[in-house]
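Encoded as structure tokens, the structure appears first; notes follow it.
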Amino acid sequence: MRRLLLCLAVAAGALATAPAAVADGPMYVTQGGAGVSSHNGRFHYVAVPDGTSRTLLTKIELPQGQVWSWLPLAGSWGNPSLGAGAAPGEGLSRNGRTLVLSSTTGPNGSPSRFLVVDTRLMRVVRRITLHGSFSYDALSPDGSRLYLIEYAYGKQGDLSDYIVRGYDLRANRLLPGRIADRTQKDWSMHGSPVTRTYSAGGRWVYTLYTDPGSYPFVHALDTVRGVAHCVQLPWEEERNQNGLWQLVLAAHDGGRTLAVHWRDGRPWVRIAVGSWRVSEQRASFPWPLVGAGVGGALVLVVAAGGLLLRRRRGQEFDQHAGQELGLA
């Protein structure tokens, strides 16, 4: 009983603490932190270790931060996440009724294990064990279909090469084949996810991937029909893609347009959903200059020179206009 009370006290403060990444690869598995939130933001589901070989899944109501209910689980489980830091958790269906947890052993081991939780009853309704290396990718809005990343190990256990698989939660079976862009049969997925957004109803999941040595791309997944599209982005520095971590995805125009912009709000490219055509909104950001102190100083010098030139041109324009109007 004392241990349970201690876990609940930890869970109540979990939203204010940083999550602990307990596995890596394209998808992390985290414990603590903010966990995953319902679409309306009312509840957060946070997996918290109890200090032994058990996990406490807590349902926390906001804004009060009160523990609504909890579920003790044997083993070590966590919320899937795109990142180990402040990235929001994944694994909750849009209707808020189905939650998927991942084993903290991560994709490096086999078998791979997942738990499916009914959030209304706060009980486990399915345990999934798959031979091979899998991690969570996405969930359909009604929670009927789970999407997983299956890894194909490269050199030295590299996890950057993988395929997307579908899992029917109603029939409780892994679906044959892979989820791929049928218009690009020679396309192979590899790289790491940077950021993600969803369509208004949660049907489409858009994920930006970095792929050093090639081109970054947006993976558009229709979680209802089980089809995908890969959209290549016009990044100039193939091997240096660190700047991609400063990008954000957002759905605009009622879901007809996917905008890729910098964190400070400046636009970069737009993608027309359906045709998947990419249009640049401005010149590529000069990351090679920003990467060096000399380059940064050069940017300031060029900017100052441009401002001075505009001022001189403005003065010339005013003088010429005055002469034309007989004011000078």
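The values are calculated or read from the model by the stated rules, or taken from the named source; none is laboratory data. As the structure is a prediction and not an experimental result, all values here were calculated from the model. Positions of Cβ are generated from backbone atoms using ideal geometry, with glycine treated the same way; all protein chains shown enter the neighbour counts.
Can you tell me which residues in region 239-254 are outside any strand (DSSP E or B), loosely packed, with under 15 Cβ neighbours inside 10 Å and small (Gly, Ala, Ser)? Scanning region 239-254 gives a single hit, Gly254.
For the criterion of being under 22 Å from Leu139 (Cα atoms), at pLDDT 90 or above, assigned by TED's automatic domain parsing to the domain that holds Val164 and within 17 Å of the chain's Cα centre (by Cα), Leu258 passes. The set of residues in region 129-153 that are crowded, with 20+ Cβ neighbours inside 10 Å, modelled with pLDDT of 90 or more and not in a loop (DSSP other than H, G, I, E, B) comprises Phe134, Ser135, Tyr136, Asp137, Ala138, Leu139, Arg145, Leu146, Tyr147, Leu148, Ile149.
Looking at (1) assigned to a loop (DSSP other than H, G, I, E, B); (2) modelled with pLDDT of 90 or more, can you tell me which one Glu236 breaks? The single condition Glu236 does not satisfy is (2). Scanning region 213-228 for residues that are touching a Gly at 6+ places or on another chain (Cβ under 9 Å) and buried (at least 21 other Cβ atoms within 10 Å of the Cβ) gives Pro216, Phe217, Thr223. For region 203-212, a residue qualifies if it is surrounded by 19 or more Cβ atoms within 10 Å (Cβ to Cβ) and over 12 Å from Val273 (Cβ atoms), and the qualifying residues are Val205, Thr207, Leu208, Tyr209, Thr210, Asp211.
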